[in-house]
Structures are given as C-alpha cells and as structure tokens.
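A.B. asks: First the structure, then my questions, so here it is.
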Amino acid sequence: MMEIGITHYLVVSVVLFSLGVLALTTRRNVVLMLMGIEFMLNAANINLVAFSRYQGLNLHGHVFALFVIVLAAVEAAVALAIVLHIYRMNNTVEADRIADLKE
C-alpha cells in the first residue's frame, strides 16, 4: 500500500499554481484572473500545511495558511467590489476593454 508523502502534496501544489499562473496570464476576464490568483494562494497554502505536517507537530504552517485564507477572503471581497464598480461604469469585465480607471 502506497503512503502519501510530501512529494504528492508538492506535485498537487505545483499543478495548482501552474493552473493559476495560466489563468492569470491567458484570461482577459477579470473575474477569471481573480480565480487564478486564488488558485496560486491555495497552492501556497498546500505547501505551508504540507511542510508543517512533515516537520513534526509544528503548527506554524497551519497558522500561516489560516492567515493566507483570511487575506484571500478580504482580497476577493475588495476585488469583486472593484470589478462590480468597473462593470457598472464600462459594461464589461474584460481587462483589455477597460479604457481607464481615472474616472
């Protein structure tokens, strides 16, 4: 029977981070770009918890992961409010179609 080790967590984290970078760089929709950022933050959380777990009974990684989750929730709330405002002003959420943010 195969035991799940730290390598498995790191592979999942790399795949998730790569999907986040791909979504961030290829998408023009601002909401999908925010989802890419969330993927990258979740990949970092997987790394924090995996390294914390395999170093012993150290809970520092779990605390940092919880802090990142709280920051991601705040970031998502503020970013979605900004996106809604941009949509109301420009009737689009496409990043390349938004003329300017000065107004």
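A.B. asks: With N set to the residue count of the chain, report its C-alpha Rg divided by 2.2 N^0.38 Å to two decimal places.
C.D. replies: 1.35
A.B. asks: What are the ³J(HN,Hα) couplings of the range 82-92, residue after residue, when phi is run through the Karplus curve with 6.51, -1.76, 1.60 and θ = phi - 60°? Round to Hz, x for glycine and proline.
C.D. replies: 5, 5, 4, 5, 4, 5, 5, 7, 10, 6, 7
A.B. asks: Report the label-to-label distance for V74 and F51 in nanometres (one decimal), using points 7 Å from each Cα along the Cα→Cβ vector.
C.D. replies: 2.2
A.B. asks: Taking the simple approach of a point 7 Å from Cα along Cα-to-Cβ for both N90 and V21, what is their distance in nm?
C.D. replies: Distance between the two pseudo-spin positions: 2.6 nm.
No lab work stands behind these numbers, since they all come straight from the coordinates. Keep in mind it's a predicted model, so treat the numbers as computed, not measured. Positions of Cβ are generated from backbone atoms using ideal geometry, with glycine treated the same way; all protein chains shown enter the neighbour counts.
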